[in-house]
1. Please verify whether K444 is of a type in the set (K, R), over 21 Å from S168 (Cα atoms) and over 15 Å from the mean Cα position of the chain (by Cα), treating the condition exactly as stated.
2. All but one of (1) modelled with pLDDT under 90; (2) in contact with a Ser or Thr (Cβ under 6 Å, 6 or more places away or on another chain); (3) hydrophobic (A, V, I, L, M, F, W, C) hold for A133; state the number of the condition that does not hold.
3. Looking at T301, T294, T285, which is the one that is surrounded by fewer than 16 Cβ atoms within 10 Å (Cβ to Cβ), among the hydroxyl-bearing types (S, T, Y) and either part of a strand (DSSP E or B) or touching a Phe, Trp or Tyr at 6+ places or on another chain (Cβ under 9 Å) (or both)?
4. Taking the stretch 466-489, which residues are in contact (Cβ under 8 Å) with a residue 60 or more places away in the chain, over 15 Å from Y185 (Cβ atoms) and part of a helix (DSSP H, G or I)?
5. Quick one: count up the residues across the stretch 199-243 that are free of Cβ contacts under 8 Å to residues at least 12 places away in the same chain, outside any strand (DSSP E or B) and either buried (at least 21 other Cβ atoms within 10 Å of the Cβ) or out of contact with any Lys or Arg (no Cβ under 8 Å at 6 or more places or on another chain) (or both).
6. Regarding the stretch 244-260, can at least one residue be identified that is within 20 Å of E479 (Cα to Cα) and in a helix (DSSP H, G or I)?
7. Could you look through the stretch 73-106, keep only residues that are among the β-branched types (V, I, T) and assigned to a helix (DSSP H, G or I), and pick out the one that is nearest to S20 (Cα to Cα)?
8. So if I check each of K174, K207, which one is more than 19 Å from the chain's Cα centre (by Cα), more than 30 Å from S322 (Cβ to Cβ) and not assigned by TED's automatic domain parsing to the domain that holds R486?
Amino acid sequence: MTDKFYEPEDLSEIIDKLKSQGKKIGLSHGVFDLVHPGHIQHFIAAKKEVDYLIVSITSDSYVNKGPGRPLFAENIRISTLSALSAIDYVTISRDKTAEKIIENIKPNIYFKGSDYANSADDPTGKISDETQAVENFGGKIHFTDEITSSSSKLINNFFNSASAEVKSWVQSLKSKYSLADIEHYLQRIENLKVLVIGETIIDKYTKVEALSKSSKDPILAFHLLDSEEYAGGILAIANNCASWTKEVTAISVIGNDDSRPNDLVKLLSQNIELKLITSNRPTITKHRYVDIGTNTKLFETYDFNPNPLPDKEVCQVIDAVSSLENYDVLLAADYGHGLFTNQLIEHLTEVSPYFCVNTQSNAGNRGYNTITKYSKLDFFSVNSGELKLEMRSQKLNYDLVVPELMSKLSAHQAVLTKGAEGLTVYEHLASSNAPAIATKIVDKVGAGDSVFAISSLLSYVKAPLDIIGLVSSLVASHEVSQFGHRTSMSIGDIKKQVRSLMS
């Protein structure tokens, strides 16, 4: 890249030598997507305090500024920073937070801009963690007092590549809500106790490399590469909810010959209590094969039992639900693989304080799993394609059909997801449209789950329809940017993206 750039492990060796010579080391960390006068004054001020100034950037994969960010790829950001005379070395953090890069560099002084001086203004709450990390190595944090400006505001004003529809939508949100209005509802869901019930699904992705046509058969041959497994189904929903709320209990079923319960727990957040019922059925595994050259999914296999769960095991699920008290909202994610029998649905309808349901049609249930298998609920989310199956019609007036369906199910609110067309939030005869804002689509698996999770919780705390749409779109955008459910957005992440989008 440049002669100033070093990987963190290589740079730490250089730093050790400089420190042995009595040199004072400074570190500044950030995205630095669009370097502006405020940044330059920050670097100049920092350099005056130390002998050597190091600047680390967040790698592209961990930039959390919203759809379309970073505007400039990491190699361009590195080259830009390397051209500044106040900076001696540039490195990169391939982690979500700055603590690891601080641990590598062990700076004498860690520099942040004056806009971070009040930790209460940091939506991610990471300034305190970074300060502690610096102090652990005998360093201190220093806030420079320079011209402040927002990269996000400059990018939104001058480099915004969003569609006219998205720009108009954001402007309408700005005219109706302040950041405090939106963050109020995000704060309200943080203290919720959530119960989630549904099928455990292991999403397995295997990378393959195309070889050529088989010499003896009319088929393509592939070189099998590495595989990764992710917690899918109800586990992904539980992980999402655990990133936003105080306490989550997840009830699900796995195969009794499955050796993975301990591995499953490792994939879950610490504030999830997992109650697993074992069954003489395989744990549902959906195995997708991905071409490494194009990131295209070639085909997938299902390992599952499509028959209804036996009565004995249904009773165990019911007993697990009955043993719980004092939860605020129940999320039922019904993937149509046999867990939600009439007996279980009837029980959940009776006991749930706020009943939220998502039914999904997929290759494993062939479109038979529709929302009207439920008779009464408070909130539901449905995909437009699934609604067409429900209504047995290719052409629907959603603004008529969804309210009618809500009335039939006694639902207070509903979300209709429409893929590239965004989503619509409904409440009685009122509705609010939110366009799709994702700019990077890697894998659409799990997007509906994440929308269901966040919109259910926001519905429970009576958030306005526009705010439900905004936050749901942000969460969906994050989910489609990764294979499987690799990471969840935290409340701090959501706040940060809202601030970036509305700057």
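The values are calculated or read from the model by the stated rules, or taken from the named source; none is laboratory data. None of the values given here were measured: they were computed from a predicted structure. FYI the Cβ positions are ideal-geometry reconstructions off the backbone, even for glycines, and counts take in every protein chain you see.
1. So K444 fails the test.
2. (2)
3. Result of the check over T301, T294, T285: T301.
4. S477
5. Residues meeting the conditions: 5.
6. Yes, that holds for at least one residue.
7. By that ranking, first place goes to I105.
8. K174 is the lone residue from the list that is more than 19 Å from the chain's Cα centre (by Cα), more than 30 Å from S322 (Cβ to Cβ) and not assigned by TED's automatic domain parsing to the domain that holds R486.
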